């Protein structure tokens, strides 16, 4: 596959062999070398076949091989022109995302209470297989309709939290009737649980500020102890995607659509099946918003217990909550006119520019916070949306894997990874020590370079770099 | 081993070969759960029965494995014994599966989120049944 280098961080795959638009990958030379070593570029090309796709099949700097869509893929389809929605462009973990909490504590405070904080969170945060949930399953039907607000009304969270959530923690158009009994059965035991794999809860320190004005608006300051958590819609979302993909196969035939990979199954947004998928997806997304809300509540309780203060005295205000696996109907300007697009972000974060009306008043001047987690041992980043984003207001969602799970386990044992992290001053409470090496820092790309490429490509601007001091791993 | 783990940057896949479609579904199901953990031979099994109807043999494999993931999560079981009978005349199968409480198994890998259609293959090759499937992990 031959890419044309457009600039130092932009690579174009010309539209050939049935591609409706070109492929565009945002990457440095070093990151592009990694892309060429796997099948992610092939997936960028395949996505370019989707009916109604507009402008380009984009890939963020953390792109890697996924299933159907590449992880880090962004595809926007023109709804009025028969543009499609593809469950594979959202993924199984619908509305997987990242939440960041500020605090009134510093790294020095954490050093004094390190063991108490880690033990409290270790005990309180359900994770891994068969480990339960914080909230009652009876809350699930309301959560599917009202998202994080349902969790808030049930006593999880603080007033003011919702303003700092993407979409205020509520995906519109939710249709709980499109969520199967199977999906609800899975979700009922999992509301307020972290999951496993690359999901985590990290205690971090604001290590460097690059934009003090935006950082201040977001509620961040140098040296502040913060908490980042990464999880999604759990089994409820996985089942919803499974159910909908099963329906899409026959539906595609009815609509006369063919795609290069069955995982790219899709139907027109403006079709019965398309509307049903979006309704089921939104309901599942509402579960994810609420899931992170419940977990954040438990984090506040855990810090209060560890520091022996009230939850309010922890100062653990919500900085922001972002999704990185969603399809959304958004107005965007294309060729001089504003049209409605179905923007798929599969492992990519929405990044609205300063002044966007959907942002809360107190951060509107700075742009949307974009949360880019690393993987234990490595930094995480807070970026912000900027004007002129070339990929439908999208940015990276993480570091991006570079090594398979098998390779990662062969390089070091879980015990070795834990020892290295502890030596580096990072406390670790894994769901399983044996599985820790699958998510070792060396299994991921250089997150600092991903953030740098985001900045140089005009996807987002740097605000703050966060350094981990404690990890609760799923 | 009748199946092989396929490399993938973020997720995991397996491919397998068997004399019959019944055996292939059993082998692939076994492979999927062995990615997560292995039951001790001495552990008491709990047995469940499921029946799957599908449009194609590919769908039969994906639907069967997806249903097993659902049962695994909701019943808190890790499955390790698989008895499959594909119905003559159409892509449908009845399966008896034996499992142990997932919480009692030492994990070999993270739980599998879902069975994907990416690069999915179920076909006859050189007189045997061949299957390839990737999982979201």
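Observations on the model:
- Between 0 and 90°, nearest 10: helix A:447-456 axis offset from chain A longest Cα axis: 50 degrees
- Each 10 Å bin from zero up to the one holding the largest Cα-Cα distance in the range A:358-419 carries the following percent of pairs: 17, 35, 24, 15, 9.
- Using the Cβ-Cβ distance between residue A:329 and residue B:96 with R0 set to 45 Å, the FRET efficiency works out to roughly 0.50.
- The sum of -39500 (n - 2.57) across all DSSP H runs of n ≥ 4, divided by the residue count of the protein assembly as shown, sets its helix-only mean residue ellipticity at 222 nm to -9500 deg cm²/dmol.
- In plain terms, the chain from residue A:37 to residue A:213 could stretch by 59.4 nm, reckoned as 0.36 nm per residue minus the Cα-Cα distance.
- Shielding by partners for peptide B:4-16, expressed as the average number of C-beta atoms from other protein chains within 10 Å of each residue's C-beta, is 5.
- Entry for the range A:1-94 at q = 0.13, 0.19, 0.22 Å⁻¹: log10 I(q)/I(0) = -0.39, -0.82, -1.07, Debye formula applied to identical alpha-carbon scatterers, no solvent contribution.
- Viscosity 0.890 mPa s, 25 °C: Kirkwood-radius Stokes-Einstein D of the range A:320-394 over Cα pairs, µm²/s: 185 µm²/s
- Rounded to two decimals, the Cα-based Rg/Rh of the range B:31-137, with Kirkwood Rh, is 0.97.
- log₁₀ of I(q)/I(0) at q = 0.23, 0.24, 0.28 Å⁻¹ - the range B:36-77, Debye sum with one point per alpha carbon: -0.87, -0.91, -1.03
- Mean shadow area of the range A:175-227 over all directions, Cα convex hull, nm²: 6.4 nm²
- Amide N proximity, the range B:97-126 versus residue A:413 label position 7 Å along Cα-to-Cβ, cut-off under 16 Å: B:107-108
- Compactness of the range A:414-474 as Cα Rg over 2.2 N^0.38 Å, two decimals: 1.35
- Rounded D (µm²/s) - the range A:333-474, Kirkwood Rh over Cα pairs, Stokes-Einstein at 25 °C, 0.890 mPa s: 148 µm²/s
- Computed E for residue A:361/residue B:106 - FRET, C-beta separation, R0 51 angstrom, nearest 0.05: 0.50
- Each part gets one Cα centre, and for the range A:1-44 versus the range A:197-257 those centres are 24 Å apart.
- Ordered from longest to shortest, the equivalent ellipsoid semi-axes for the range A:244-318 are 45, 11, 8 Å, each the square root of 5 times a Cα gyration tensor eigenvalue.
- Per residue, the convex hull volume that the Cα atoms of the range A:148-284 enclose (Å³): 173 Å³
- Between residue A:272 and residue B:4, the modelled labels are 4.5 nm apart [label points 7 Å from Cα along Cα→Cβ].
- Exercise: per-residue mean of other protein chain Cβ atoms within 10 Å, B:68-74: 5
- Euclidean distance of C-alpha centroids, the range A:119-185 and the range B:40-106, integer Å: 29 Å
- For the range A:47-125, a Kirkwood hydrodynamic radius built from all Cα pairs, placed in the Stokes-Einstein relation at 20 °C and 1.002 mPa s, yields a translational diffusion coefficient of 131 µm²/s.
- Compared with the rule-of-thumb size 2.2 N^0.38 Å for a compact globular protein, the protein assembly as shown has a Cα radius of gyration ratio of 0.91.
- Distribution of pairwise C-alpha distances over the range A:253-378, 10 Å bins, in %: 10, 26, 33, 20, 8, 3, 0
- Computed Kirkwood radius, in angstrom, where 1/r is averaged over Cα pairs of the range A:71-193: 17.7 Å
- With the alpha-carbon atoms of the range A:157-196 aligned to their principal axes, the span from lowest to highest coordinate is 33, 27, 17 Å, starting with the largest.
- The range A:261-293 and the range A:52-99: distance between their alpha carbon centers, rounded to Å: 12 Å
- Net lengthening on full extension, residue A:181/residue A:434 (0.36 nm per residue, minus Cα-Cα): 87.7 nm
- Principal axis dimensions, the range B:15-58 - Cα atoms, whole angstrom, descending: 36, 23, 19
Values in this text are rule-based calculations from the coordinates and carry no lab data. Keep in mind that what you see is a predicted model, and the values were worked out from it rather than measured. Every residue, glycine as well, gets a Cβ built from its backbone with ideal geometry; the counts of neighbours run over all protein chains shown.
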